[in-house]
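Peer 1: The structure under discussion is supplied below as structure tokens; questions concerning it will follow.
The values are calculated or read from the model by the stated rules, or taken from the named source; none is laboratory data. Everything numeric here is computed off the predicted structure, so don't read it as measured data. Cβ placement follows ideal geometry from the backbone for every residue including glycine, while neighbour counts extend to all protein chains displayed.
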Amino acid sequence: MQKIASFTINHDTLQKGMYISRIDGDIVTYDIRMKLPNGGDYLSTGQAHTFEHLFATYARNSRLGKEIIYVGPMGCRTGFYLLVRDTLSHENAIALVQESCAFIGAFDGEIPGNQKAECGNYLDHDLVGAKRLGKEMADVLRGWTVEKLKYQE
């Protein structure tokens, strides 16, 4: 079997940030890397779950919401994938992730979609942890540019 593109990135040198993972026709996949790979510190399921609810809700309700295809955590628990239509510029994708992280970092209230009838694991949430992740990533992505979207070799 052919190795998928994300497995060809050197995870020993990969840093926190936002990267273009792949472009498939009219779909762009961004790697929102929140933890250092194999660093021993990973997203907890509660943090990732809450971050996903807030990120997806914010992004899909933003001015760019029609461009969003998917927001979801990586299986390795080091970050998230954001899939968008290629009509969304890289500059706007960066701005959207920056805004989403700031929103999450400052969020106060009921987690969207956190009722039993709305969520398949509604008891596994960590708002405090998700807010901390949002603040950390807002700091990491401050001043992020299109040039930084390329994985470092």
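Peer 1: Just need a number here: residues in the stretch 128-145 that are crowded, with 17+ Cβ neighbours inside 10 Å, without any contact (Cβ under 8 Å) to a residue 60 or more places away in the chain and over 14 Å from Ile111 (Cβ atoms).
Peer 2: 1
Peer 1: Taking the stretch 1-52 as the region of interest, how many residues are more than 17 Å from Glu136 (Cα to Cα), of a type in the set (Ser, Thr, Tyr) and under 18 Å from the mean Cα position of the chain (by Cα)?
Peer 2: Residues that pass the stated criteria total 5.
Peer 1: Test each condition in (1) touching a helix residue (DSSP H, G or I) at 6+ places or on another chain (Cβ under 8 Å); (2) farther than 18 Å from Trp144 by Cα for Met18 and report the one that comes out false.
Peer 2: Only one criterion in (1) touching a helix residue (DSSP H, G or I) at 6+ places or on another chain (Cβ under 8 Å); (2) farther than 18 Å from Trp144 by Cα is unmet by Met18, namely (2).
Peer 1: Do we find that Ala138 is hydrophobic (A, V, I, L, M, F, W, C), part of a helix (DSSP H, G or I), touching a strand residue (DSSP E or B) at 6+ places or on another chain (Cβ under 6 Å) and modelled with pLDDT of 95 or more in this structure? Reasoning before the result, please.
Peer 2: Details: hydrophobic (A, V, I, L, M, F, W, C): yes; part of a helix (DSSP H, G or I): yes; touching a strand residue (DSSP E or B) at 6+ places or on another chain (Cβ under 6 Å): no; modelled with pLDDT of 95 or more: yes.
No.
Peer 1: Can I ask one more? Exactly one of (1) under 25 Å from Arg132 (Cβ atoms); (2) out of contact with any Leu (no Cβ under 9 Å at 6 or more places or on another chain); (3) in a helix (DSSP H, G or I); (4) without any contact (Cβ under 8 Å) to a residue 24 or more places away in the chain is unmet by Thr57. Its number?
Peer 2: (4) is the only condition that Thr57 fails.
Peer 1: Please tell me if Ser6 is in contact (Cβ under 8 Å) with a residue 12 or more places away in the chain and not β-branched (Val, Ile, Thr). Even if it seems obvious, please write down each step before you answer.
Peer 2: Numbers: in contact (Cβ under 8 Å) with a residue 12 or more places away in the chain: yes; not β-branched (Val, Ile, Thr): yes.
The answer is yes for Ser6.
Peer 1: Now, a different point. Go through the stretch 60-89 and report how many residues are touching a Phe, Trp or Tyr at 6+ places or on another chain (Cβ under 8 Å) and either charged (D, E, K, R) or assigned to a strand (DSSP E or B) (or both). Please lay out each step first, then the result.
Peer 2: At the first step, the residues of the stretch 60-89 found to be touching a Phe, Trp or Tyr at 6+ places or on another chain (Cβ under 8 Å) are 70-74, 76-78, 80-84.
If we keep only those that are either charged (D, E, K, R) or assigned to a strand (DSSP E or B) (or both) as well, we get 70-73, 77, 80-84.
Residues meeting the conditions: 10.
Peer 1: Report yes if Arg22 is in a loop (DSSP other than H, G, I, E, B), farther than 18 Å from Arg132 by Cβ and charged (D, E, K, R), otherwise no. Walk me through it before giving the result.
Peer 2: On the way: in a loop (DSSP other than H, G, I, E, B): no; farther than 18 Å from Arg132 by Cβ: yes; charged (D, E, K, R): yes.
Against the criterion (in a loop (DSSP other than H, G, I, E, B), farther than 18 Å from Arg132 by Cβ and charged (D, E, K, R)), Arg22 does not qualify.
Peer 1: Right, here's the next one. What do you reckon, is Val71 closer than 11 Å to Phe51 by Cα, out of contact with any strand residue (DSSP E or B) (no Cβ under 6 Å at 6 or more places or on another chain) and without any contact (Cβ under 8 Å) to a residue 24 or more places away in the chain? Spell out how you get there, then give the answer.
Peer 2: Numbers: closer than 11 Å to Phe51 by Cα: yes; out of contact with any strand residue (DSSP E or B) (no Cβ under 6 Å at 6 or more places or on another chain): no; without any contact (Cβ under 8 Å) to a residue 24 or more places away in the chain: yes.
No.
Peer 1: Continuing with the same structure: Scan the stretch 93-112 for residues that are surrounded by fewer than 15 Cβ atoms within 10 Å (Cβ to Cβ) and in contact with a helix residue (DSSP H, G or I) (Cβ under 8 Å, 6 or more places away or on another chain) and jot them down.
Peer 2: Taking the stretch 93-112 as the starting set, the residues that turn out to be surrounded by fewer than 15 Cβ atoms within 10 Å (Cβ to Cβ) are 106, 108-110.
The one that is surrounded by fewer than 15 Cβ atoms within 10 Å (Cβ to Cβ) and in contact with a helix residue (DSSP H, G or I) (Cβ under 8 Å, 6 or more places away or on another chain): Ala106.
Peer 1: For Lys131, all conditions in the list (1) over 13 Å from the mean Cα position of the chain (by Cα); (2) in a helix (DSSP H, G or I); (3) closer than 18 Å to Thr29 by Cα hold save one; what is the number of the exception?
Peer 2: Unmet for Lys131, out of (1) over 13 Å from the mean Cα position of the chain (by Cα); (2) in a helix (DSSP H, G or I); (3) closer than 18 Å to Thr29 by Cα: (3).
Peer 1: So, in the stretch 53-80, of the ones that are closer than 17 Å to Tyr19 by Cβ and buried (at least 17 other Cβ atoms within 10 Å of the Cβ), which residue ends up nearest to the chain's Cα centre (by Cα)?
Peer 2: Phe80
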